[in-house]
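Notes follow once the structure below has been shown.
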Amino acid sequence: MQKGMHTHRERCVRAVQSKDARFDGWFFTAVLTTRIYCRPSCPVVPPKPENMTFYPSAAACQQAGFRACKRCRPDTSPGSPEWNQRADAVARAMRLIADGVVDREGVPGLAARLGYSTRQIERQLLAELGAGPLALARAQRAQTARLLIETTALPMAEIAFAAGFSSIRTFNDTVREVFALSPSGLRTRAPGRPGATESGRLPSTPGTPGVLSLRLPFRAPLNPDNLFGHLAATAVPGVEEWRDGAYRRTLRLPYGHGIAALTPKPDHIACRLTLGDLRDLPVAISRCRRMLDLDADPVAIDDQLRTDPFLAPLVDKAPGRRVPRTVDEGEFALRAVLGQQVSTAAARTHAGRLAAVHGEPVDDPEGGLTHLFPAPEALAALDPESLAMPRTRRTTLLNLVRQLADGTLHLGVESDWEETRARLLALPGFGPWTVDVIAMRALGDPDAFLPTDLGIRRAAQELGLPSTPAALTARAAAWRPWRAYAVQYLWATDSHPINFLPV
C-alpha cells in the first residue's frame, strides 16, 4: 500500500470486490448511484465499477455530498496508516487534527504549530485529502457525536457540546447530512440502546465524571503480547496498572483528566474511558489509539520484514507486533532519562516516587490509580538532592524538565522527527539510545532503531545477525522504513516480562 492509494483505481476496485478489510481507512468508496460512501470491506454487494469513485478521507466524501453507509459505518474505520508513518506537514497536521487542535485553537492554531500559514496548510490538505482542516475536523466531530448518540443516554444538547459543535442547529444539520438520519433517528437505530445495562452509559449531571465503553478497531493481525506486556511491565505505580486483564492509566487531557482501561480482544480493543469533561472524548480516543499503534498496517510491515531470512521465522511465529507508544510525549522523555542504565524495576521506582510527590491526585473508584504523571511545570523547582540517582543523570533530567517547562523544547504529535532528534542529541546526557527510544515510542517514528541496545545486540548474536552497532545498522537498512517493528521482534526473543501478556 502506498501514498495516494485512492488514485489507483484498479487496485481500489479489486479491494472493494474482495471486501478486503486491510484497506479500510486507506481509501473510501463513494457510490455514484446511491450517493453513499463505504469502507472497502462493506458487506453489501459491491457496486458496478463504473459506479465507484474513490476518496482519501471520509471528510472528502462528505464534502462531495455523499453520506455514510449505515451497514459498514465507514466513519469508524481504523485511521489511515499514512499519518503515523510520515513526518511531512500533511501527516503532522492530521495527527494534530485527531488530537483536537482545530476544535480548540482553530485553523490558525493548527498552522502556527506547524510553522506554516493557514493558506499553505489548507492548500496541502486539499491537494492530498480532498478536504481542508475545517472539513476534516467536522468529520471527526460527526464521528464523536455518533458514538455518544449510540452508546449513551446523554441529552442531545450535551452531546453536541461534548462533540465540539458550536450550536445545536449545527449539530443537527451535520448529523443529518453525514448519516442521513436525525440524531434521535440514529439513537433509535442503535443496537443495544443505553439504559438496559450500565455498559456504555454516561451520567448527564454537569461536573461529574463520565464513563464510556467503546470498541477500538484495528487491522489484523494484532499480537497483544509485547504491546500490553511492555506497558504493564514498565507501568509507573499510581499512574498505570494491570488489573483484571486490562491496562489502565491516568490521562492528562485538554479540559481535565481521565482514566483509560484497555483490554485486548480478538477483533478489537475494549476501551473504558472515565472523563472529567466529555469534550476530551475524541482526544482520549486518539491518544489511546496512538499509544497502542492501532492504525498500523501490519501486513505491509510484516511482509517487508519477512524478506530477511533471519527475521522471517520471528514474524511467522507471532505476526502483527505493534510498537508500544505513549499518551504523553514529554512524560515519556522524562521516563526515558529515568530509565538510563538501570533496570525496569528501578526506573518504575524512580518514576513512581516523582508521581507520588509531584503528580496531581486523581480518584479511581475502580482501581488503584492515584496520580497523573507530573507535568514538567510541576517538576521545575525539583530539589536535585531528592533524586536517588547519579549526579550526571540528575543534571540530565532537570535540564530536560526546564526545557520542556519553558517551551524551549516541545515534544508532541506534530514534532518533526529529524529536527527533534537533533535537538535532543544536543542536550547533555542524551546519547543515541535515549534519543532513538524517544523517537520510537514518543514521537512515533516507525523507522527508529536501537543498534546499541543490549537486548537487540544479544538477539542479533543469537540469530546470527551482525551484533556490532555499525554492522547491525548496515544490515537493518533492508528493514526500512519499519526498523522500529523489527526492534519489537528482536526484543521478543528474550524472556523479559515486556514480551508477555500479563496474567
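The values are calculated or read from the model by the stated rules, or taken from the named source; none is laboratory data. Bear in mind that the values here come from a model prediction, so they are computed numbers and not experimental data. All Cβ positions, glycine included, derive from the backbone under ideal geometry; neighbour counts span all protein chains shown.
Observations, loosely collected:
- Residue list for the range 423-458, filter: farther than 30 Å from Thr408 by Cα and surrounded by fewer than 23 Cβ atoms within 10 Å (Cβ to Cβ): Leu454, Gly455, Arg457, Arg458
- Matching residues, the range 398-416, being surrounded by fewer than 17 Cβ atoms within 10 Å (Cβ to Cβ) and either hydrophobic (A, V, I, L, M, F, W, C) or within 30 Å of Ile97 (Cβ to Cβ) (or both): Asp406, Gly407, Thr408, His410, Asp416
- Qualifying residues in the range 489-503 (those that are assigned to a loop (DSSP other than H, G, I, E, B) and of a type in the set (S, T, N, Q)) - the one surrounded by the fewest Cβ atoms within 10 Å (Cβ to Cβ): Ser495
- Of the helices (runs of 4 or more DSSP H) contained entirely in the range 114-188, those carrying at least 3 residues that are over 23 Å from Gly79 (Cβ atoms) and of a type outside the set (A, V, I, L, M) fall at 118-129, 168-179.
- Scan of the range 406-449 for residues that are closer than 22 Å to Leu253 by Cβ, part of a loop (DSSP other than H, G, I, E, B) and either modelled with pLDDT of 95 or more or not hydroxyl-bearing (Ser, Thr, Tyr) (or both), ordered by number: Gly407, Leu409, His410, Leu411, Gly412, Val413, Glu414, Gly444
- Subset of the range 23-52 (residues that are surrounded by 20 or more Cβ atoms within 10 Å (Cβ to Cβ) and either in the same structural domain as Arg176 (by TED's automatic domain parsing) or of a type in the set (Lys, Arg) (or both)): Arg39
- Matching entry among Thr395, Thr473 (being surrounded by fewer than 16 Cβ atoms within 10 Å (Cβ to Cβ), more than 25 Å from Leu314 (Cα to Cα) and assigned by TED's automatic domain parsing to the domain that holds Thr349): Thr395
- Residues of the range 236-290 satisfying the condition of being β-branched (Val, Ile, Thr) and outside any strand (DSSP E or B): Val236, Val239, Val283, Ile285
- Only one of the listed residues (Gly276, Gly238) is within 18 Å of Pro361 (Cα to Cα), in contact with a Pro (Cβ under 8 Å, 6 or more places away or on another chain), outside the structural domain of Ala333 (by TED's automatic domain parsing) and not hydrophobic (A, V, I, L, M, F, W, C). That residue is Gly276.
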